[in-house]
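We did not get these values from a lab; they are worked out from the coordinates using the rules stated. A quick note: this is a predicted structure, and the numbers were derived from the prediction, not measured. We place every Cβ from the backbone using ideal geometry, glycine too, and count neighbours over all the protein chains shown.
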Amino acid sequence: MLQDIRDKSQGVIVKVIIGVVIVTFALFGVEALVQSFTSTDTVAEVDGKEITRSELLRASETQRRQLISMMGGQIDPAMLEENALQRRALDELIQRAVLMNQAESLNLGVSDAQVDAYLVQAEQFQTDGVFDQSKYLNFIRSLGFTPLAFKERIKQDVLIQQTRNALAGSEFILPSQVESIVELQNQKRSYDFIRYSLAQKTEQVNVTDEELQAYYDENSASFVSPEQVKLDYVVVSAADLQNQVEVTDAELKDAYDARVANFQGEEREASHILIDTSSRSDEEAQARLAEVQDKLANGESFSQLASEYSDDLGSKDNGGDLGYVSRGIMVGPFEDKLFAMEAGQVDSVETEFGYHLIQLNEISETSAPSLDDMRDELMSDLVAQKAKDKLLEEHETITDLAYASDDLSAISSEYGVAILTTDYFGRDGGNDEITSSPSVISAAYSPTVLEDDHNSDLIELSDEEVVIVHVNDHKAAAQQTFDEAKDVIASIVVQQKAVEALQATANAALASGEGDWTTVNNAERGQDEVAALAFGLPHPAKGESSVGVESAGNGDLVAIRLTEVIQGDGSVEASQKEIYENYLSQTLTNMTMRAQQESLQNAAEIVRN
């Protein structure tokens, strides 16, 4: 591969580029060269403040990583399409710029010390309650930030949040608003309905070829075979690198020591009876415990008493049996009491769950397995972990090989992995692990891979697998013939005719009042699907019905006559009132913030380049 790079470097074009580099160095220095490769083009201006292309690219990359991190394999590949990412990123940058300008106009500010304090106290950057520098750096790098840029981003967030907090603090909820919401929630409705099955009707509908042809002629633009791509790809996994890692005797010994350090050499077989204090007072619980203890003293079976008295549903049917227990399994007070008891002893202890009556049945001593006994298991674990670390170290090399090559042969040769080929798949992905990966789909349809015929960047499938893809073949979207689209057209036309027929039948039933009507009285909101449709109709005029033909979730049509609306009770308990107030407050705050954002953007001078 190195020879291939060397051969390519002998071309005339490469020599010209090298000549330009030398002249640039001689006349203007290194800075001029760096600036020539750094785009500082302005992509937008907000009240005269520039948003640069480098900011846009960083924001879109951050957004891409966040989407993948949050949604993983469930993400819609279209969300990772480069143009879509940049559009959303630019909208976000403009919104932030508008809000930052407002914060500055209000003379709001935040000090570096405040930002530092916020970062140090953030739980996601802590280990065992202490700020973890490596965790912090790994997090911001995963988002594509430098430490300085991330602190600046946090400073902006705090400033913007100050204005939002002021808005949120200005909102208040009146008792009458809560009552209105509760009344609506508790409202009831009476109605009659007929449900017409779409599935049943479609079986009765016939269509002619002339109807299908006419539909195709009118809607031919809708029948297009989607764009598809076939990929070549190589997967490099941690398993492929296991033969390149070695485990020393010292590493094996350290792993063994770490494993047996937590070994519990003693297990205790126990049973218990739980007297729950969450469903009874402490006095009642103690009286119940004393009752059980008296019966035990009189010779009754612990197992039988557990079945009768214990509130632990997981063990009461087994006579309170907990099996063998080692340290670290039970809550502290229970464990301390159990491991202080003698075999055959019965004692009580109080925990957060209530009172426990514990019977220690047997004490079992076990010895730690030897290093020889655990050698194979430890070796397998160490090799697997070192191979994962090795793969992480190889990321840069794999990326360099992909960048320097016109195909995947260099990576295949370097790591001894096969070049594989996918089936054709569209922008919505395929059915296997590779073609269903949002990151792979995004890369496959990116201009660099699809149009420029380059290898993709390194794509992480998991901690143990990475993939590089290259386009094998590309099929552009194409117009389908009538014969190709006929089955789909038939399904559409049949459904349309069925819906039209059901609509006519439903309207006739509403007009005449005839039909197999079902009457529902005092239905509650959300009671069922038909009730939900009835709650969507307007209030009927006095002495009349409010009517409508609504579509159910499965396509069925429902003719509804709303006959009565029963006003709900507006009173609410104090505990529920707070829930309603919080909901209303959050809703109003969100509406106010959206309105403020729109107002600020309408007033701002925004230029998109």
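So here's what we get for this one:
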| item | result |
| --- | --- |
| Approximate spin-label separation Ala552-Leu252, in nm, with each point projected 7 Å along Cα-to-Cβ | 6.8 nm |
| For the range 470-560, alpha-carbon Rg relative to the globular expectation (2.2 N^0.38 Å, N residues) | 1.71 |
| Calculated P(r) tail over 17 Å for the range 386-456, as whole % of Cα pairs | 55 percent |
| GluC sites (Glu not before Pro) within the range 125-208: DSSP coil, no more than 16 neighbouring Cβ in 10 Å | Glu171, Glu203 |
| Helical segments meeting 20 Å axial Cα length and Kyte-Doolittle -0.5 threshold in the chain (DSSP H) | 12-28, 147-170, 482-512 |
| Span from the the range 81-103 Cα centroid across to the the range 407-460 one, whole angstrom | 30 Å |
| 222 nm mean residue ellipticity, helices alone, for the chain (DSSP H n ≥ 4; -39,500 (n - 2.57); rounded to 500) | -16500 deg cm²/dmol |
| Sorted by Cβ density within 10 Å, fewest first, the residues Leu148, Leu588, Leu408 | Leu148, Leu588, Leu408 |
| Alpha-carbon Rg with Dmax, taken over the chain, Å | 35.2, 104 |
| Descending semi-axes in Å of the range 115-243, equivalent ellipsoid built from Cα gyration tensor | 53, 40, 18 |
| Overall form of the range 525-609 per C-alpha gyration tensor (a/c, 1.5; a/b vs b/c) | oblate |
| Contact order normalised by residue count of the range 264-365, Cα under 8 Å, 6+ apart, percent | 44 percent |
| GluC sites (Glu not before Pro) within the range 484-571: DSSP coil, no more than 15 neighbouring Cβ in 10 Å | Glu514, Glu544 |
| Listed peptides 251-258, 429-436 by packing density, highest first (mean Cβ within 10 Å) | 429-436, 251-258 |
| Distance between the range 137-208 and the range 241-314 - C-alpha centres, whole angstrom | 44 Å |
| Farthest toward positive dipole pole in the chain [+1 Lys/Arg, -1 Asp/Glu at C-beta], among Gln495, Leu252, Ala285 | Gln495 |
| The chain: relative contact order in percent, alpha carbon pairs under 8 Å with at least 6 residues between | 25 percent |
| Neighbour-count ranking [beta-carbon atoms within 10 angstrom, fewest first] of Leu289, Leu392 | Leu392, Leu289 |
| Full-extension gain in nm, Gln479 to Leu420, via 0.36 nm per residue minus C-alpha separation | 18.2 nm |
| Net +/- balance of residues flanking Ser437 in space, Cβ distance below 11 Å, scoring K and R +1, D and E -1 | -4 |
| Rg ratio (alpha-carbon, reference 2.2 N^0.38 Å) - the range 323-440 | 2.07 |
| Neighbourhood net charge (11 Å Cβ-Cβ; Lys/Arg +1, Asp/Glu -1) for Val292 | -2 |
| At 0.692 mPa s and 37 °C, Stokes diffusion of the range 255-308 via Kirkwood alpha-carbon radius, µm² per second | 232 µm²/s |
| Efficiency of FRET from Cβ geometry, Glu171 and Asn472, R₀ 51 Å, rounded to 0.05 | 0.35 |
| Local electrostatic count, Leu562, Cβ distance below 12 Å [Lys/Arg +1, Asp/Glu -1] | -1 |
| Sorted by Cβ density within 10 Å, fewest first, the residues His395, His474 | His395, His474 |
| Rg [Å, one decimal], Dmax [Å, integer] - the range 56-145, C-alpha atoms | 16.2, 44 |
| Candidate lysines - alpha carbon under 27 Å from Lys188, same-chain residues fewer than 8 apart omitted | Lys542, Lys577 |
| 5 Å binning of all Cα-Cα separations within the range 459-516, expressed as whole percents from 0 upward | 4, 13, 9, 9, 8, 8, 8, 9, 9, 7, 5, 5, 5, 2 |
| Spherically averaged projected area of the range 264-365 from its Cα convex hull (nm²) | 6.0 nm² |
| Long pairs among Lys230/Lys497; Lys155/Lys388; Lys135/Lys386; Lys49/Lys151, criterion Cα-Cα beyond 29 Å | Lys230/Lys497; Lys155/Lys388 |
| Selected from Met70, Val229, Thr146, residue furthest toward positive end of dipole (the chain; charges at beta carbon) | Thr146 |
